[in-house]
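Working notes for the structure below.
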Amino acid sequence: GVIVSVDGRGTVTSHLPRAGGRAAELVAGANVPLPTAYQLDDAPRWETFYLVAASEPFDVELVMAAAAESAHTAVDPPARLALPAGFEQNAFLLRKDLPR
């Protein structure tokens, strides 16, 4: 699996795996701790985290490219990334307060 985030500036960050070109191995029902925590920055409007998984190994770049494409074509983050058939994905959208 792969975890990436896209923020309101269009920045794409890989959270899992932290390095390497292949998705991390996931085991059903098991926890996979991330090696580091993530602190939100001052990027405006929103941050969306995507967990992408498939039954076969895949390249992280496939997910990074889909996230980058969504970051540059959407005003609001899409609920799903444009990935080929066979990928499962879940998204967590965090809306940030607007300055008052």
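The values are calculated or read from the model by the stated rules, or taken from the named source; none is laboratory data. Bear in mind that the values here come from a model prediction, so they are computed numbers and not experimental data. Counting neighbours? That spans all protein chains shown, and the Cβs are built from the backbone with ideal geometry, glycine included. What goes into the accessible areas is simple: the full protein's heavy atoms, side chains included, and nothing from ligands, DNA or RNA. Shrake-Rupley method; radii C 1.70, N 1.55, O 1.52, S 1.80 Å.
Brief remarks follow.
- Of all the numbered requirements in (1) small (Gly, Ala, Ser); (2) touching a residue at least 24 places away in the same chain (Cβ under 8 Å); (3) assigned to a loop (DSSP other than H, G, I, E, B), Ala28 misses one, and that requirement is (2).
- Leu40 being within 21 Å of Ala71 (Cα to Cα), of a type in the set (A, V, I, L, M) and either touching a strand residue (DSSP E or B) at 6+ places or on another chain (Cβ under 9 Å) or buried (at least 17 other Cβ atoms within 10 Å of the Cβ) (or both): yes
- For Pro35, the conditions (1) free of Cβ contacts under 8 Å to residues at least 24 places away in the same chain; (2) surrounded by 10 or more Cβ atoms within 10 Å (Cβ to Cβ) are fulfilled apart from (2).
- Among the numbered conditions (1) more than 14 Å from Val6 (Cα to Cα); (2) open to solvent by 70 Å² or more (accessible area, probe 1.4 Å); (3) free of Cβ contacts under 8 Å to residues at least 40 places away in the same chain, the only one that Gly86 does not meet is (2).
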